[in-house]
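Student: A single structure is presented below for examination.
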Amino acid sequence: MSITKPTSPLNEVSQIKANVIAKDLPAFEEHAKQDIKYTTCYMCACRCGIKVTVEDNKVRFIQGNPNHPINKGVLCAKGNSGIMKQYSPAKLSSPLLRKPGTERGAGEFEEISWDQALDMLEKRLKRIRETDPKQLAYFTGRDQMQALTGMWASQFGTINWAAHGGFCSVNMAAGGLYTMGHAFWEFGDPDWENTKYFMMWGVAEDHSSNPIKLGLKRLKERGAKFVSVNPVRTGYQAIADEWVAIRPGTDGILALSMAHVLLKHQLVDEEFLIRYTNSAQLVVMTPGKVGDGLFYRGDSEVPQVWDQVKEAFVDSNLPDITPALFGEYTAPDGTPLKTAMSILVEKYMDEQYSPEVAAKECGVPAEDIERMALEMAHVAFKETITIDVEWTDWAGRKQDKFIGRPVSMHAMRGISAHSNGFQTCRAIHMLQTLLGTIDCPGGHLAKPPFPKHVPPGIKPAKEMAPNTPLKSPPLGFPTCPEDLAINEDGSPRRIDKAYSWDAPISCHGLMHMVISNAVKGDPYKIDTLMLFMANMAWNSSMNTDQTIDMLCEKEDSGEYKIPFIVCSDAFNSEMVAYSDLVLPDTTYLERYDTISMLDRPISEPHAACDSVRIPVIKPDRNVMSWQEVMVEMAGRLGFPAFTKEGGERKYDDYKDFIVNFEKEPGIGFLAGYRGKDGEKSLRGEPNPRQWEAYEENEGFFEMHFDMNQRYMRHANLDYLKLAKEAAWIGNTNQIVIELYSEKLQKFRLAGQGLYDGPMPTEEHHKERLVKYFDPLPIYYMPLEEQRIDRDEYPYHAVNQRPMFMYHSWDSQNAWLRQIMSQNYLFMNRVAAERDGIKDLSWVWVESHNGKIRCQVKLMEGTNEQTVWTWNAIAKRGGAWGLDGDVKENKDGFLMNHLISELLPQKGDKMDRVTNSDPVTGQAAWYDLRVKITPAAPGETGSWPSYSDLKAQPNAEPSPKMLSYSSHKNVNLLRSLSDILTRGNK
Amino acid sequence: MKLGLVIDLDTCVGCHGCATACKQWNTSGTIGPLADKDPYGREPVGSWLNRIRSYEVDDTPNSKTVHMPMSCMHCEDADCVTVCPTGASYKRLEDGIVLVDQDKCMGCNLCSWACPYGARELDPEQGTMKKCTLCVDRIYDEKLPEAERQPACVLTCPTKSRVFGDFDDPDSEVSKLVRGRAGKQLMPELGYNPVNTYLPPRNKPVQDQIDPASLKDTVKGWVNKIIAR
Amino acid sequence: MHPAFSVLFFTVLSGAGYGLMILLVIGHLTGLSQLQDGGVLLTAGILSFILIAIGLLCSMGHLANPKNAWRAFNRFKTSWLSREGVFAIAFFPFALIYLGGIWSNGADAGGIFTLAGIIAAVLAIVTLFCTSMIYASLKTIRQWNTSLTPVNYISLGLMSGSLLLAAIQGSVSGGLSTVLYQLALALVVLGAIAKIIYLFWIGKPAGSTINTATGFTQASVRLLDQGHTSNGFLNNEFGYTVEANKLVMLRLLMLAMAFIVPFLLLLTANSNLIVFAAIIAIAGLLVERWLFFAEARHVVRLFHGDQQT
Ligand SMILES: Nc1nc2c(c(=O)[nH]1)N[C@H]1C(S)=C(S)[C@@H](COP(=O)(O)OP(=O)(O)OC[C@H]3O[C@@H](n4cnc5c(=O)[nH]c(N)nc54)[C@H](O)[C@@H]3O)O[C@H]1N2
Ligand SMILES: Nc1nc2c(c(=O)[nH]1)N[C@H]1C(S)=C(S)[C@@H](COP(=O)(O)OP(=O)(O)OC[C@H]3O[C@@H](n4cnc5c(=O)[nH]c(N)nc54)[C@H](O)[C@@H]3O)O[C@H]1N2
Ligand code: SF4
Ligand code: SF4
Ligand code: SF4
Ligand code: SF4
Ligand code: SF4
Ligand SMILES: [Mo]
């Protein structure tokens, strides 16, 4: 994005005046005593580059790095408050062991040494690894080092590993990766520079926190239209040109209805569809028979299309054929066939998708649905842009320009946190595809290492053996029932039941189910739960109130149902109190870290980028970074990838590991400054001075692509070659966009009993596969809503991320918590008045799972059937270095208590099924429905309430007054004569 | 010179980035520290020089959410300065920046009473008046790269909704913005003549709709075109 | 506005003190017979002195950084507070000389002492005016930004001064002076009229609105979020609100204590009851001053959700 770097704001004459003025001023800063260091922010997962001024091992100023690809010099409210995190009284200062004989949650810990802690962990893990590796469940929350933790788990040999994606936004990842090979979330960006019409679905903040803000400014500067689909109007929505106040959970029907309008008027990019998607491929139309709905391949391995010139079936992947986009055909063996596009058109031209019908479901007026579709069509087809650059397509043919249809979209948790989110996300991608806006100028652009083939070629591991690494990573992308991690009898193999019939394509696991499943022993019990950077005893669990109980539940023997809980945290979070062994991490300003190309790096659409953290402050406590702990444990446990032939440790420490580990020849965690002298990018032998090179380059690596590699990368040969060289993709074949998903159809066939492979035996599983694994995007009512009485629970309840707080971890921040230390339940004024609910009154909010008490605020900008609150503001007293009576504890509330991890109980088999998307296992946080009643007079304060947690042993009490500064201020004095003589001005 | 800020209400998303950047810079800056009372207790209150307020304007269905960051406006007729008995408050002749000399303030609050914009806050620890300095310790610091000689809040704003410049210079970015976007002063009726100027939200862009060519009722209406793959 | 007790006591007590001194000097120098008694003069003068001194000390209590209080004289050129300080301090030597003269020479001190008395009286009224102008000059507070404010301050200062004077004269010299008590009666009536006019005046809606404050003048504007959860300096300083029914009660109480009861007591022309009247009136003026603050609505409140100041 071409954000103009800041230049001097003063023009020449003013600058001259300024220089004169400067002469008379004292030196405010002692620059000679200050050091400037570059690293990467971790006040959130956006990963902005920061420039930190340090004096006397104290932070003077954290500012955005103007050269950094992500944030281009800007910082958000959190990033600017890093100082208050660094000096938080909640920082853990030593490894802690729960005192023998005390209860979990009591917070009675003794400080132990790192040697003791690591020995203890080593012993336990060694035993597990030698006997039954799946007894270790290792789950990581808001971290960004999944490449390392995932690899560690594979090497350990447990499939019970996942990061937070399952409760976060796997619907977006899967929706994109199973459709177009990249996705929303952190996988792609709108083309902020060129787009003329931007539609944002269900985003309050997202991971691209600063880039979205920079981007919106660019849109506005250029006069582009910004439409926001969101039941709530705050933040980004406030500056949208059009706010579409949708009813939660119904975006699918809105998107499909807009598709209906486009199809009715034949406003689709047929050329794009033929060249880049599978929509011309022929589908077998034999309902009720094995093979129905799969692509017709004839004798070939490749799906067939009908070549209109040759008048014959041909392999769909050939160049220079002229596939028919529409029509019904008959295979030589008599099998009836139809193009995927014909099926698609038939499906969505149905009345059920008409704006009039859709309007009733989603609350968006039919005229608006129609108008927005036609506006987008106008931009896509009448305001087309071209970039005159010669490029080579996948077949090696030269193309003289990139054609851009400048409509773009971005969507996040408003879509993903619903149990229909996967299909809704696919519906949005379908809309983009019909308009031909995928990875074209002005459209939605992938960020390297994406796009990948649909879906990426990694399969989830399912076999385990003692002392043996997994054959593939624990998480991957199933394409058919054979890929599921289930036993012969169909029962789940993973503790979170990922890749089971409950959620077959749960490619990020289901972290939200781990505690509940392990405690119930369903599917089995585990020995050790190891959590990194996840506050599962509070805001990242569904059903928090009961989760807290579960963490303390015991067997008859008196042993805890989860016998041992290890947590790595940097702060005294709620989770710490419920752990047996606490390993204190460094802060982000104190550690080495990589934001790796093997993960989701910081790439921009037009540049491959990754970055590092380099300590800028020396820790003052007995802490060790989790990265270091991982490498240390891997060495101690003798993981093959971490040991030499003789069993000797291969890597001294994390830094050494990062430099020298190679996933395959020349490919490591960091893609920049490789090769012996640091001259190679993306692939190259290890560079012993790689860390120094990153340090010299302000903590990041950025490799711009040539102009001809920047768009249409799913079919751009020069890009595909580069991506293969970088090991982002396995081959240079065209990445075909899958509007019609044969992979989903295979699961559906399994549900129909028509699959030649594993099939579910339980009726509810069959039903779910048939209903939800539609090969074309569908809309269905979210599962919770299907199972409750909608009249009894008339409101949808959702959350939003505040821009100035990151989940649970910013209430310890003395500056940020001043901005908000209590959250309210926001309601539409008209709705509240109808229900007799007054501004600032206390109410009971009840769901099928439980009830809470909280305080209401009324506003205009909320859909009438929706209530919402800011996420994760509530805290437990005593945690986070806070006093017991803080507003976060007494007045703020967690919505999580209302959200069940299981579907609403009805006495059927589904009672045991996770409250998640049936396709991906994504936690359905926003399916929540509630009723609201005024609290009785005198009922104030939030409920439920909890006992205060303990501060860590030897903690100093939190200060009552704080006045931070890194040096004594240099005052600018006003002269006495000026005081005495100056008149009015 | 007449230095000040232009704030664009069309693009401010209310992120509070400018508020914390300001707190961060200035707590170690020339008027620092900016103390915080009860920082981990029930009523944390610190002195801030820049705060963000959010409003809903008009009623449904026309209502709109507006975020309004506010710091000192460096008024041309700044009564906060004239009322100050000690002379701690003053408006610099050179550039119009309104400052409080921390060594001279006696903490009488009168200047804060005289300020219509809530731009002054008493420091809970030092008992002196704190206010926006327009980052006088950045904008003239010749040791900083030229591009960084800007207020901390301006540098950090992720939507670039804050622009710093010389309002006396008709060709400056700020002057152009004020002219081009009909910049407004807040509470002009009080006659303080604030320098900081707000750009009102823009009108919606008009987006054409495509003129639908054909209306297909079934898939039969679609004709295959010869398009090479 | 948050009514700070230090400021209430300061303005009421020093107001009474200045009022007392002014009337004392006028009465003395114009030859009012009952005020040619050294004992009366001295008692009244000392009381005035004490009230003013206590008042000023109270006003210091209001400072968050009192070590710089001495600098308050610096901005005489523009600041009413500075002027008030200068005149208040200047008052003391003249008042001292004047009272010293009476102490040493009795009522007919004459010459330099008379001059000092005149100057002290002038400084007293000027100080009173300056104090009132601190408030009256604030454009940010409509309820204060009016010429009614100095009228109020001066008339109430004189009123409470006159009550004190009558009370002292009555107690010290036994027989109550008709002139003084009629003066007090007149000033109570005048004060009450001024106050009632003021109350009517602030009742009329006027001033800035949330619309001009935010620049959105065409439509309703509602606060959604003030940007911080706990009350900050601005809320504490300016966000003070009195409930409407409490306000009516307090106004009635104030009118009763400051004006009606003293008026009725004055009518008795009983010197003991007049002492009582003076005390009640001063207590009433404390309520009056409390209301003066509590009913003043600073424009900053608009930003925090008030629709109108
Ligand atoms: N400041 C900050 N930034 C963060 C985080 C944070 O905690 N703080 N968390 C990070 C993480 S882990 C994540 S996952 C991302 C999430 O970032 P976002 O996707 O922005 O997530 P939410 O804040 O949950 O916002 C969801 C939005 O969807 C709307 N919404 C709810 N239901 C629906 C619906 O059915 N349809 C539509 N169209 N909209 C709906 C809500 O009103 C809300 O505006 O943010 C990341 N960035
Ligand atoms: N009701 C409701 N619940 C939700 C959501 C919602 O929208 N609504 N959103 C969900 C989503 S999308 C997500 S991603 C989850 C996030 O939930 P979590 O992943 O639990 O995220 P945090 O609350 O930020 O907790 C992270 C923990 O990491 C610790 N930590 C912080 N910095 C460090 C560090 O440097 N090192 C180590 N070792 N630890 C550190 C913190 O102290 C904290 O205990 O919440 C989920 N929960
Ligand atoms: S968005 Fe803010 S908190 Fe997140 S990395 Fe960037 S500056 Fe840091
Ligand atoms: S905004 Fe307030 S503090 Fe700033 S110059 Fe104007 S009156 Fe003074
Ligand atoms: S608080 Fe300080 S700066 Fe303000 S008027 Fe009083 S002395 Fe002047
Ligand atoms: S100019 Fe400086 S002092 Fe003023 S608000 Fe911005 S950052 Fe704060
Ligand atoms: S940083 Fe910019 S967008 Fe954020 S609140 Fe301040 S002015 Fe608004
Ligand atoms: Mo998330």
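Rule-based calculations on the coordinates, nothing more; no lab input. Just so it is clear, the model here is predicted, and its values are computed rather than measured. Neighbour counts run over all protein chains shown; Cβ positions are idealised from the backbone, glycine included.
Student: State all residues of segment A:72-93 that are touching a strand residue (DSSP E or B) at 6+ places or on another chain (Cβ under 8 Å) and more than 11 Å from chain B (Cβ to nearest Cβ); if no residue qualifies, say none.
Tutor: Residues of segment A:72-93 that are touching a strand residue (DSSP E or B) at 6+ places or on another chain (Cβ under 8 Å), as a first pass: A:72-75, A:79-80, A:82-83, A:86, A:88, A:90-93.
A:GLN86, A:LYS91, A:LEU92, A:SER93, listed by residue number.
Student: OK, next. When both residues are 6+ apart or on different chains and their Cβ atoms are under 7 Å apart, which pairs have a first residue that lies in segment B:64-87 and is within 20 Å of C:VAL86 (Cβ to Cβ), and a second that is within 13 Å of ligand 4 (Cβ to nearest atom) and in a strand (DSSP E or B)?
Tutor: Close Cβ pairs (under 7 Å, with a partner that is within 13 Å of ligand 4 (Cβ to nearest atom) and in a strand (DSSP E or B)) amount to B:VAL81/B:SER89; B:VAL81/B:TYR90; B:VAL81/B:LYS91; B:VAL81/B:VAL98.
Student: If C:ALA277 satisfies all but one of (1) under 15 Å from C:ALA184 (Cα atoms); (2) surrounded by fewer than 23 Cβ atoms within 10 Å (Cβ to Cβ); (3) out of contact with any Gly (no Cβ under 8 Å at 6 or more places or on another chain), what's the number of the condition it fails?
Tutor: Among (1) under 15 Å from C:ALA184 (Cα atoms); (2) surrounded by fewer than 23 Cβ atoms within 10 Å (Cβ to Cβ); (3) out of contact with any Gly (no Cβ under 8 Å at 6 or more places or on another chain), C:ALA277 violates only (2).
Student: Of the residues C:THR209, C:THR214, C:THR229, only one is among the polar types (S, T, N, Q), touching a residue at least 12 places away in the same chain (Cβ under 8 Å), buried (at least 21 other Cβ atoms within 10 Å of the Cβ) and closer than 30 Å to A:MET803 by Cα; which? So that I can check it myself, show each step before the final result.
Tutor: Working: C:THR209 fails: buried (at least 21 other Cβ atoms within 10 Å of the Cβ); C:THR229 fails: touching a residue at least 12 places away in the same chain (Cβ under 8 Å).
The unique qualifying residue is C:THR214.
Student: Right, another one. Looking at (1) surrounded by fewer than 22 Cβ atoms within 10 Å (Cβ to Cβ); (2) more than 8 Å from chain B (Cβ to nearest Cβ), which one does A:ASN19 not meet, given that it meets all the others?
Tutor: Going through the list (1) surrounded by fewer than 22 Cβ atoms within 10 Å (Cβ to Cβ); (2) more than 8 Å from chain B (Cβ to nearest Cβ), A:ASN19 breaks only (2).
Student: Do you know which of the residues in segment A:403-430 that are closer than 21 Å to A:LEU267 by Cβ and not aliphatic (A, V, I, L, M) is farthest from ligand 4 (Cβ to nearest atom)?
Tutor: Of the residues in segment A:403-430, the ones closer than 21 Å to A:LEU267 by Cβ are A:403-409, A:426-430.
Checking the rest, the ones that are also not aliphatic (A, V, I, L, M) come to A:404-406, A:408, A:426, A:429.
Numbers: A:GLY404: 46, A:ARG405: 48, A:PRO406: 42, A:SER408: 40, A:ARG426: 52, A:HIS429: 49 Å.
So, considering only residues that are closer than 21 Å to A:LEU267 by Cβ and not aliphatic (A, V, I, L, M), the one farthest from ligand 4 (Cβ to nearest atom) is A:ARG426.
Student: Continuing with this model, one more query. Which residues, taken from segment A:315-347, are assigned to a loop (DSSP other than H, G, I, E, B) and within 12 Å of chain B (Cβ to nearest Cβ)? Spell out the reasoning first.
Tutor: Looking only at segment A:315-347, we keep the residues that are assigned to a loop (DSSP other than H, G, I, E, B), and these are A:316-322, A:324-327, A:331-335.
Result: A:SER316, A:ASN317, A:LEU318, A:PRO319, A:ASP320, A:ILE321, A:THR322, A:ALA324, A:LEU325, A:PHE326, A:GLY327.
Student: In segment A:460-503, how many residues are buried (at least 19 other Cβ atoms within 10 Å of the Cβ) and either on the phi > 0 side of the Ramachandran plot or charged (D, E, K, R) (or both)?
Tutor: Total satisfying the criteria: 8.
Student: Residues that are more than 20 Å from A:GLY751 (Cα to Cα), more than 20 Å from the chain's Cα centre (by Cα) and surrounded by 24 or more Cβ atoms within 10 Å (Cβ to Cβ): does segment A:531-543 have at least one? Explain how you work it out, then say what you get.
Tutor: We begin by selecting, within segment A:531-543, every residue more than 20 Å from A:GLY751 (Cα to Cα); these are A:531-543.
Then keep just the ones that are more than 20 Å from the chain's Cα centre (by Cα); that gives A:537, A:543.
Filter once more, keeping what is surrounded by 24 or more Cβ atoms within 10 Å (Cβ to Cβ): A:537.
Yes, because at least one residue in segment A:531-543 is more than 20 Å from A:GLY751 (Cα to Cα), more than 20 Å from the chain's Cα centre (by Cα) and surrounded by 24 or more Cβ atoms within 10 Å (Cβ to Cβ).
Student: What are the residues in segment B:99-128 that are more than 10 Å from ligand 5 (Cβ to nearest atom) and within 15 Å of B:ASP79 (Cα to Cα), if any?
Tutor: Result: B:PRO116, B:TYR117, B:GLY118, B:ALA119.
Student: Can you tell me which of (1) on the phi < 0 side of the Ramachandran plot; (2) within 12 Å of ligand 2 (Cβ to nearest atom) is the one A:ASP191 doesn't meet?
Tutor: It fails just one condition, (2).
Student: On the given criteria, is A:PRO69 part of a loop (DSSP other than H, G, I, E, B), at the interface with chain B (Cβ under 9 Å from one of its Cβ atoms) and in contact with an Asp or Glu (Cβ under 9 Å, 6 or more places away or on another chain)? So that I can check it myself, show each step before the final result.
Tutor: On the way: part of a loop (DSSP other than H, G, I, E, B): yes; at the interface with chain B (Cβ under 9 Å from one of its Cβ atoms): no; in contact with an Asp or Glu (Cβ under 9 Å, 6 or more places away or on another chain): yes.
No; evaluated as a whole, the condition is false for this residue.
Student: Any residue in segment A:605-627 that is without any contact (Cβ under 8 Å) to a residue 40 or more places away in the chain sitting within a Cβ distance under 7 Å of a residue that is not aliphatic (A, V, I, L, M)? List the pairs, counting only those 6 or more apart or interchain.
Tutor: A:PRO619/A:THR586; A:PRO619/A:GLU590
Student: Within segment A:115-159, track down each residue that is hydroxyl-bearing (Ser, Thr, Tyr) and assigned to a loop (DSSP other than H, G, I, E, B). Break it down into steps so the answer makes sense when it comes.
Tutor: First pass over segment A:115-159, keeping only residues hydroxyl-bearing (Ser, Thr, Tyr): A:131, A:138, A:140, A:149, A:154, A:158.
Passing the criteria: only A:THR158.
Student: Still on this structure: A:PRO775 fails exactly one of the following numbered conditions: (1) under 27 Å from A:TYR296 (Cβ atoms); (2) part of a helix (DSSP H, G or I). What is the number of that condition?
Tutor: (2)
Student: Being within 15 Å of the chain's Cα centre (by Cα) and more than 7 Å from chain C (Cβ to nearest Cβ) narrows it down to one residue among B:ILE52, B:ILE7, B:ILE31; which is it? So that I can check it myself, show each step before the final result.
Tutor: On the way: B:ILE52 fails: more than 7 Å from chain C (Cβ to nearest Cβ); B:ILE31 fails: within 15 Å of the chain's Cα centre (by Cα).
Only one candidate passes the filter, namely B:ILE7.
Student: Among residues belonging to segment B:171-225 that are on the phi > 0 side of the Ramachandran plot and either loosely packed, with under 14 Cβ neighbours inside 10 Å or of a type in the set (S, T, N, Q) (or both), point out the one that is nearest to the other protein chains (Cβ to nearest Cβ). First the steps, then the outcome.
Tutor: Of all residues in segment B:171-225, those on the phi > 0 side of the Ramachandran plot come to B:182, B:187, B:191, B:193.
Add one more test, that the residue is either loosely packed, with under 14 Cβ neighbours inside 10 Å or of a type in the set (S, T, N, Q) (or both), and what stays is B:182, B:191, B:193.
Working: B:ALA182: 11, B:GLY191: 7, B:ASN193: 11 Å.
Restricting to residues being on the phi > 0 side of the Ramachandran plot and either loosely packed, with under 14 Cβ neighbours inside 10 Å or of a type in the set (S, T, N, Q) (or both), the top hit is B:GLY191.
Student: All but one of (1) surrounded by fewer than 22 Cβ atoms within 10 Å (Cβ to Cβ); (2) of a type in the set (A, V, I, L, M); (3) more than 10 Å from chain B (Cβ to nearest Cβ) hold for C:ALA219; state the number of the condition that does not hold.
Tutor: Checking C:ALA219 against (1) surrounded by fewer than 22 Cβ atoms within 10 Å (Cβ to Cβ); (2) of a type in the set (A, V, I, L, M); (3) more than 10 Å from chain B (Cβ to nearest Cβ), the one that fails is (3).
Student: Which residue out of C:SER104, C:SER59, C:SER132, C:SER48 is in a helix (DSSP H, G or I) and without any contact (Cβ under 8 Å) to a residue 12 or more places away in the chain? Before you say what the answer is, go through the steps one by one.
Tutor: Working: C:SER59 fails: without any contact (Cβ under 8 Å) to a residue 12 or more places away in the chain; C:SER132 fails: without any contact (Cβ under 8 Å) to a residue 12 or more places away in the chain; C:SER48 fails: without any contact (Cβ under 8 Å) to a residue 12 or more places away in the chain.
From the options C:SER104, C:SER59, C:SER132, C:SER48, the qualifying one is C:SER104.
Student: When the residues of segment B:53-63 are narrowed to those that are without any contact (Cβ under 8 Å) to a residue 40 or more places away in the chain and touching a Leu at 6+ places or on another chain (Cβ under 9 Å), which ends up nearest to ligand 5 (Cβ to nearest atom)?
Tutor: Step by step, filter segment B:53-63, then rank; the result is B:ARG53.
Student: Taking A:VAL309 and the conditions (1) aliphatic (A, V, I, L, M); (2) more than 10 Å from chain B (Cβ to nearest Cβ); (3) surrounded by fewer than 18 Cβ atoms within 10 Å (Cβ to Cβ), which numbered condition does it fall short on, given that it satisfies the others?
Tutor: Against the list (1) aliphatic (A, V, I, L, M); (2) more than 10 Å from chain B (Cβ to nearest Cβ); (3) surrounded by fewer than 18 Cβ atoms within 10 Å (Cβ to Cβ), A:VAL309 comes up short only on (2).
Student: Which one of the conditions (1) within 14 Å of chain C (Cβ to nearest Cβ); (2) within 14 Å of ligand 6 (Cβ to nearest atom); (3) in contact with a Gly (Cβ under 7 Å, 6 or more places away or on another chain) does B:LEU155 fail to meet, given that it meets all the rest?
Tutor: Of the numbered conditions (1) within 14 Å of chain C (Cβ to nearest Cβ); (2) within 14 Å of ligand 6 (Cβ to nearest atom); (3) in contact with a Gly (Cβ under 7 Å, 6 or more places away or on another chain), the odd one out for B:LEU155 is (1).
Student: A further question on this structure: Those residues that are acidic (Asp, Glu) and over 21 Å from A:ASN823 (Cβ atoms), I need them from segment A:533-583; list them, please.
Tutor: Keep residues of segment A:533-583 that are acidic (Asp, Glu), which gives A:545, A:549, A:553, A:555-556, A:559, A:569, A:574, A:580.
A:ASP549, A:GLU553, A:GLU555, A:ASP556, A:GLU559, A:ASP569, A:ASP580 - these are the residues of segment A:533-583 that are acidic (Asp, Glu) and over 21 Å from A:ASN823 (Cβ atoms).
Student: Across segment B:129-152, which residue is farthest from the other protein chains (Cβ to nearest Cβ) among those that are basic (Lys, Arg) and within 16 Å of ligand 5 (Cβ to nearest atom)? Walk me through it before giving the result.
Tutor: Going residue by residue through segment B:129-152, those that are basic (Lys, Arg) are B:130-131, B:138, B:143, B:149.
Now drop any that are not within 16 Å of ligand 5 (Cβ to nearest atom), which leaves B:130-131.
Values: B:LYS130: 9, B:LYS131: 11 Å.
Going through the qualifying residues, I end up with B:LYS131.
Student: Consider only pairs whose beta carbons are under 6 Å apart and that are at least six residues apart or on different chains; among these, list those whose first residue lies in segment A:22-38 and is at the interface with chain B (Cβ under 9 Å from one of its Cβ atoms) and whose second residue is among the acidic types (Asp, Glu) and surrounded by fewer than 16 Cβ atoms within 10 Å (Cβ to Cβ).
Tutor: Hits for this filter: A:ALA22/B:GLU142.
Student: Given (1) more than 9 Å from chain B (Cβ to nearest Cβ); (2) surrounded by fewer than 23 Cβ atoms within 10 Å (Cβ to Cβ), identify the lone condition not met by A:GLU242.
Tutor: (1)
Student: Hey, another quick one. Counting residues that are over 29 Å from the mean Cα position of the chain (by Cα) and surrounded by fewer than 22 Cβ atoms within 10 Å (Cβ to Cβ), which strands (runs of 3 or more DSSP E) fully inside segment A:842-917 reach at least 1? Let's see the steps before the verdict.
Tutor: Details: elements: A:842-846, A:851-859, A:866-870.
Strands (runs of 3 or more DSSP E) meeting the threshold: A:842-846, A:851-859.
Student: Checking the condition away from chain B (no Cβ under 14 Å) and either within 16 Å of ligand 1 (Cβ to nearest atom) or closer than 30 Å to A:LYS960 by Cβ (or both), which residue from A:SER808, A:SER821 passes?
Tutor: Values: A:SER821 fails: away from chain B (no Cβ under 14 Å).
Result: A:SER808 is the single residue among A:SER808, A:SER821 that is away from chain B (no Cβ under 14 Å) and either within 16 Å of ligand 1 (Cβ to nearest atom) or closer than 30 Å to A:LYS960 by Cβ (or both).
Student: Something else: Considering (1) within 16 Å of ligand 7 (Cβ to nearest atom); (2) over 30 Å from A:ALA608 (Cβ atoms), say which one A:CYS76 fails and leave the rest.
Tutor: (2)
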